[in-house]
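**Q** If you scroll down you'll find the structure; I have some questions about it.
The values are calculated or read from the model by the stated rules, or taken from the named source; none is laboratory data. If you're wondering where the values come from, they're calculated on a predicted model, not measured in any experiment. Cβ: placed from backbone, ideal geometry, glycine included. Neighbour counts: every protein chain shown. The area values use the complete protein model at the heavy-atom level, side chains included, leaving out ligands, DNA and RNA. Shrake-Rupley method; radii C 1.70, N 1.55, O 1.52, S 1.80 Å.
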Amino acid sequence: MKVVLINTYDTYGGAAVACQRLLNALQAHPKIDSVRMLVQEKKGDNALVEGWANTYWTKKQAFLKFSLERLSFLRHEKSKQVRFAFSPANTGVDITQHPLVQQADIIHLHWINFGFLSVKSLEKLFRLGKPVFWTLHDMWAFTGGCHYAGTCIHYQVRCGDCDFLKSPKPKDLSARILQKKFRAYHQAPLDIVTCSKWLADIAQQSSLFKRSINAQSQVNIQSIPNPINVDTFQPTDKAKIRKKLGIKTTKLQVLFGAMNVADQRKGFKYFQEALQILRNQYPDLDEQMELLIFGKASPELLQALPYPVNNLGVLSGNEPMSQAYNAADLFVIPSLEDNLPNTIMESLACGTPTVAFRTGGIPDMIDHQQNGYLAQYQDANDLAKGIYWALTRADYPQLAQNARQKVLNNFTEKVVADQYVQLYEKILAQKNTP
């Protein structure tokens, strides 16, 4: 069985990380003869990854397509805040003749936006007639262009009157994009996989996939999580790691991190509020607690926090990330919208309990008061309560052990690869049945 995984990036973003982890998991599976990853432009050093843009001119072309897509959206965008939260997918490349696609038995899409594959590119792929799997890392596949719809449910009936657009109306850009997707997906040999049960549920509610299912097309939706290498992310000696990072070994260390700490979707505002509540209501932590922060952050943002901050800066690569989780007693991630965050899985794999809001796919990983704490959505008071609860548990070692065990039971490379291979085999068998 030959598989090609397709993602815009190989090193940038959560989808790229998840896709590479699946690549490595499938590569080790005995039933997979060959697996490769095709990206827009290769940046890393994984030999299993190949870039579509691998010459001077194709790299220029890739940049031009990204720029054209972004520029085309400028006249529609409501504000700068939504600039990269909406993808019109009106420019892209045709990869149907690429050798990896031609040789593959299975075409497996992941995150394909920002000028790599357009809706028309997808339609051409579907016309090859090969089984196509699409692992969704956000909502884009079934919306009129947004990656996360927030409180909007227009995608359940029809898009239009879009909150992301400067001039929303019934037949606006979002409505036109959704219609293009209906035409592209019609009778496509497509199976949808979501990383979380939450995303599977809302995908099934979407007008696009509901109509496809009712039309008895080949679209199916199921949930398979992302995998993680539990040897790369595993518990290590906290005191040793803290000494290496220059962090006090006697303090309780609470970790927060994101690519961009100020990203509204990552909920830093609620983290900041929760810390102030802790300071006011739980003074016994005043001399015990410090903060670990990783990601892009302004000095002013960190100086405003009510506890001492150890700024780890921007981290890249598995080893620095693993060290950050192992240096912490607790990871806090108050995301407002998230599918199945790699950071939570990494933290749990390192035996570090996690506190987060009960939203998106996060409950797939955090079992409330078993390996962490699920706070009520957008409730800074409950978030503070969860932080205090986790840090002061007499049975904290059991909490940490439960965190690690959750990953071993559900998210290892073998567990996830087996699920995908079973799905591949099932669809290939159906395709070959007269």
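**Q** Filter region 3-40 for residues that are of a type in the set (Ser, Thr, Tyr) and closer than 13 Å to residue 52 by Cα and give the result.
**A** Residues of region 3-40 that are of a type in the set (Ser, Thr, Tyr), as a first pass: 8-9, 11-12, 34.
8, 9, listed by residue number.
**Q** Across region 339-361, what is the number of residues that are more than 19 Å from residue 324 (Cβ to Cβ) and among the β-branched types (Val, Ile, Thr)? Give the steps one after another, and end with the answer.
**A** Applying the first criterion (more than 19 Å from residue 324 (Cβ to Cβ)) to region 339-361 yields 339-340, 357-361.
Okay, now just the ones that are also among the β-branched types (Val, Ile, Thr), so 359.
Counting residues in region 339-361 that are more than 19 Å from residue 324 (Cβ to Cβ) and among the β-branched types (Val, Ile, Thr) gives 1.
**Q** Since residue 364 meets every condition but one in (1) over 29 Å from residue 237 (Cβ atoms); (2) touching a strand residue (DSSP E or B) at 6+ places or on another chain (Cβ under 7 Å), which condition does it not meet?
**A** If we test residue 364 against (1) over 29 Å from residue 237 (Cβ atoms); (2) touching a strand residue (DSSP E or B) at 6+ places or on another chain (Cβ under 7 Å), just (2) comes out false.
**Q** Within the set of pairs 6+ apart or on separate chains, which have a first residue in region 1-29 that is more than 14 Å from residue 42 (Cα to Cα) and modelled with pLDDT of 95 or more, a second that is open to solvent by 10 Å² or more (accessible area, probe 1.4 Å) and of a type in the set (A, V, I, L, M, F, W, C), and C-beta atoms under 6 Å apart?
**A** So the pair list comes out as 4/100; 23/48; 26/32.
**Q** Any residue at all in region 2-18 that's within 23 Å of residue 428 (Cβ to Cβ) and surrounded by fewer than 21 Cβ atoms within 10 Å (Cβ to Cβ)?
**A** The answer is yes; a qualifying residue exists.
**Q** Only one of 330, 301 is over 26 Å from residue 236 (Cβ atoms) and of a type in the set (A, V, I, L, M, F, W, C). Can you tell me which?
**A** Numbers: 330 fails: over 26 Å from residue 236 (Cβ atoms).
One residue alone meets the criteria, 301.
Yes/no per residue for (1) within 29 Å of residue 188 (Cβ to Cβ); (2) touching a strand residue (DSSP E or B) at 6+ places or on another chain (Cβ under 6 Å):
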{"position": "385", "(1), (2)": "no, no"}
{"position": "394", "(1), (2)": "no, no"}
{"position": "414", "(1), (2)": "no, no"}
{"position": "418", "(1), (2)": "yes, no"}
{"position": "424", "(1), (2)": "yes, yes"}
{"position": "431", "(1), (2)": "yes, no"}
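**Q** Return the residues of region 396-432 that are touching a Leu at 6+ places or on another chain (Cβ under 8 Å) and among the charged types (D, E, K, R); say none if nothing qualifies. Full working, then the answer.
**A** Looking only at region 396-432, we keep the residues that are touching a Leu at 6+ places or on another chain (Cβ under 8 Å), and these are 403-404, 406-407, 416-417, 420-421.
Hits for region 396-432 are 404, 406.
**Q** Within region 304-315, can you find the residues that are touching a helix residue (DSSP H, G or I) at 6+ places or on another chain (Cβ under 9 Å) and either of a type in the set (Gly, Ala, Ser) or part of a loop (DSSP other than H, G, I, E, B) (or both)? Can you show your working first?
**A** Taking region 304-315 first, the residues touching a helix residue (DSSP H, G or I) at 6+ places or on another chain (Cβ under 9 Å) are 304-307, 309-312, 315.
Hits for region 304-315 are 304, 305, 306, 307, 315.
**Q** On the basis of being at pLDDT below 95 and either more than 21 Å from the chain's Cα centre (by Cα) or farther than 20 Å from residue 19 by Cα (or both), does residue 427 make the cut?
**A** Working: at pLDDT below 95: yes; either more than 21 Å from the chain's Cα centre (by Cα) or farther than 20 Å from residue 19 by Cα (or both): yes.
Yes: the conditions hold for residue 427.
**Q** Being open to solvent by 10 Å² or more (accessible area, probe 1.4 Å), in a helix (DSSP H, G or I) and free of Cβ contacts under 8 Å to residues at least 24 places away in the same chain, is that true of even one residue in region 177-186?
**A** In the first step, residues of region 177-186 are kept if they are open to solvent by 10 Å² or more (accessible area, probe 1.4 Å); the result is 179-180, 182-183, 186.
Filter once more, keeping what is in a helix (DSSP H, G or I): 179-180, 182-183.
Restricting the remaining residues to those that are free of Cβ contacts under 8 Å to residues at least 24 places away in the same chain gives 179.
Checking region 177-186: at least one residue is open to solvent by 10 Å² or more (accessible area, probe 1.4 Å), in a helix (DSSP H, G or I) and free of Cβ contacts under 8 Å to residues at least 24 places away in the same chain.
**Q** Here is a follow-up. Name the single residue that is most open to solvent (accessible area, probe 1.4 Å) among those in region 290-303 being of a type in the set (A, V, I, L, M) and part of a helix (DSSP H, G or I). If you could, list the steps in order and put the result at the bottom.
**A** Narrowing region 290-303 to residues of a type in the set (A, V, I, L, M): 291-293, 297, 301-302.
Restricting the remaining residues to those that are part of a helix (DSSP H, G or I) gives 301-302.
Working: 301: 45, 302: 17 Å².
Once the filter is applied, the top-ranked residue is 301.
**Q** Same structure again: One residue is enough: does region 266-289 have a residue meeting the conditions of a type in the set (Lys, Arg) and either in a strand (DSSP E or B) or closer than 21 Å to residue 400 by Cβ (or both)?
**A** Just the residues of region 266-289 that are of a type in the set (Lys, Arg), to begin with: 266, 269, 279.
Next, only the ones that are either in a strand (DSSP E or B) or closer than 21 Å to residue 400 by Cβ (or both) stay: none.
The answer is no, given that none of the residues of region 266-289 is of a type in the set (Lys, Arg) and either in a strand (DSSP E or B) or closer than 21 Å to residue 400 by Cβ (or both).
**Q** Is it fair to say residue 47 is open to solvent by less than 30 Å² (accessible area, probe 1.4 Å), aliphatic (A, V, I, L, M) and either at pLDDT 90 or above or under 20 Å from residue 228 (Cα atoms) (or both)? Steps first, answer last, please.
**A** Values: open to solvent by less than 30 Å² (accessible area, probe 1.4 Å): no; aliphatic (A, V, I, L, M): yes; either at pLDDT 90 or above or under 20 Å from residue 228 (Cα atoms) (or both): yes.
Against the criterion (open to solvent by less than 30 Å² (accessible area, probe 1.4 Å), aliphatic (A, V, I, L, M) and either at pLDDT 90 or above or under 20 Å from residue 228 (Cα atoms) (or both)), residue 47 does not qualify.
**Q** Right, next: Does residue 215 satisfy the condition of being over 24 Å from residue 401 (Cβ atoms), open to solvent by 20 Å² or more (accessible area, probe 1.4 Å), at pLDDT below 90 and touching a helix residue (DSSP H, G or I) at 6+ places or on another chain (Cβ under 7 Å)?
**A** Values: over 24 Å from residue 401 (Cβ atoms): yes; open to solvent by 20 Å² or more (accessible area, probe 1.4 Å): yes; at pLDDT below 90: yes; touching a helix residue (DSSP H, G or I) at 6+ places or on another chain (Cβ under 7 Å): no.
No.
**Q** Sticking with this one: Using the structure shown, decide if residue 4 is closer than 28 Å to residue 260 by Cα and not polar (S, T, N, Q). First the steps, then the outcome.
**A** Working: closer than 28 Å to residue 260 by Cα: no; not polar (S, T, N, Q): yes.
So residue 4 fails the test.
**Q** So which pairs qualify, if the first residue must be in region 237-258 and part of a helix (DSSP H, G or I), the second must be open to solvent by 50 Å² or more (accessible area, probe 1.4 Å) and at pLDDT below 95, the Cβ gap must be under 6 Å, and the two must be at least 6 apart or on different chains?
**A** Final answer for the pair search is 239/249; 242/249.
**Q** Could you say which residue among 348, 374, 336 is at pLDDT below 95, among the aliphatic types (A, V, I, L, M) and closer than 22 Å to residue 265 by Cβ? Even if it seems obvious, please write down each step before you answer.
**A** Numbers: 348 fails: at pLDDT below 95; 374 fails: at pLDDT below 95.
Sole residue among the options that is at pLDDT below 95, among the aliphatic types (A, V, I, L, M) and closer than 22 Å to residue 265 by Cβ: 336.
**Q** Conditions: (1) within 30 Å of residue 28 (Cα to Cα); (2) without any contact (Cβ under 8 Å) to a residue 24 or more places away in the chain; (3) in contact with a Leu (Cβ under 6 Å, 6 or more places away or on another chain). Residue 393 meets all but one. Number of the miss?
**A** Residue 393 satisfies every listed condition except (1).
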